[in-house]
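Trainee: My structure is below; once you've seen it, I'll send some questions.
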Amino acid sequence: MAAVHGMEPGVEHYGSLVDVLGRAGLLAEAMEAVRSMPMRPDSYVLGALLNACAAHGDVEAGEQVVRWLAELGLDHSGVHVQLSNMYAGWSKWEEVLKVRRNMEDRKVAKVPGCSMLEVDGVACEFVAGDRSHPRTREVMSAIRDLHGQLRQLDHDCCYLTMEMELQLS
């Protein structure tokens, strides 16, 4: 790049390279690109690689990326949640629990998800884990019923089962 275009590749160029390689499923090549970087990879480079590991189900490579992120002090809650989701995708439930407990021990909080919907002209907001709504019991009962119906249809609606989420909360 320097010889042809007169410029040295920057971290953003490596980020693009890692992203393209990862999307193509060339995880070994993407990992090698990160290892050979002449500068410290940033969260975008490693995030692209972690996303590729998750997309292609390479848990071992994903674990390595998480270690790199931790060594660089870039292991925020989203990193741990993604690792947990990778384990869940491969039904490694003990590993899911280890990651979640590790997050708890280190006081790493998962950023709660939020959903909004309009019912009869009134906007309703739901935040994951919030139990302050006056009709929480009714809402949770309806969710349990829906979850049970989905399970009867053999529909895997999410990585973590509701029972596991309730155990962890």
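Trainee: Pick out, from N51, A28, G148, the residue whose Cα sits farthest towards the positive end of the charge dipole of the chain, with +1 on the Cβ of Lys and Arg and -1 on the Cβ of Asp and Glu.
Mentor: With unit charges placed on the Cβ atoms, the residue in question is G148.
Trainee: While we're on this one: I'd like the orientation of helix 11-23 relative to the chain: the angle between its Cα long axis and the longest Cα principal axis, in ° from 0 to 90, rounded to 10.
Mentor: In the chain, helix 11-23 runs at an angle near 60 degrees to the longest axis.
Trainee: Helix 59-71 versus the longest principal axis of the chain: what is the Cα-based angle in degrees, 0 to 90, to the nearest 10?
Mentor: With both axes taken from Cα atoms, the answer is about 80 degrees.
Trainee: Using the reciprocal of the averaged 1/r over all distinct C-alpha pairs, how large is the Kirkwood radius of the range 3-46 in Å? It would help to have the intermediate numbers written out before the result.
Mentor: Details: mean 1/r = 0.0935 Å⁻¹.
Taking every pair of different Cα atoms in the range 3-46, averaging 1/r and inverting gives 10.7 Å.
Trainee: Dividing the convex hull volume of the Cα atoms of the range 8-76 by its residue count, what figure in Å³ per residue is obtained?
Mentor: 72 Å³
Trainee: OK, next. Taking the Cα centre of the range 1-111 as origin and charging only Cβ (+1 Lys, Arg; -1 Asp, Glu), how large is the dipole, in debye to the nearest 20? Please list the in-between numbers first.
Mentor: Details: 11 positive and 15 negative charges, 82 e Å.
My answer is approximately 400 debye.
Trainee: Something else now. In degrees from 0 to 90, rounded to the nearest 10, what is the angle of the helix 43-56 Cα long axis to the longest principal axis of the chain?
Mentor: Helix 43-56 sits roughly 60 degrees off the main axis of the chain.
Trainee: If contacts are Cα pairs under 8 angstrom and at least 6 residues apart, what is the relative contact order of the range 1-144 in percent? Don't skip to the answer; put the middle values down first.
Mentor: Working: 128 pairs, mean separation 19.3, N = 144.
Answer for the range 1-144 is 13 percent.
Trainee: May I pose another question? Students often check this: by mean Cβ neighbours within 10 Å, which of 136-143, 66-73 ranks highest, and how do the rest follow?
Mentor: With the highest mean Cβ count within 10 Å placed first, the list reads 66-73, 136-143.
Each value in this text was obtained by applying a stated rule to the coordinates, not by laboratory testing. Treat the numbers as computed from the prediction; the structure is a model and nothing was measured. Note that we place each Cβ from the backbone using ideal geometry, even for glycine, and neighbour counts take in every protein chain shown.
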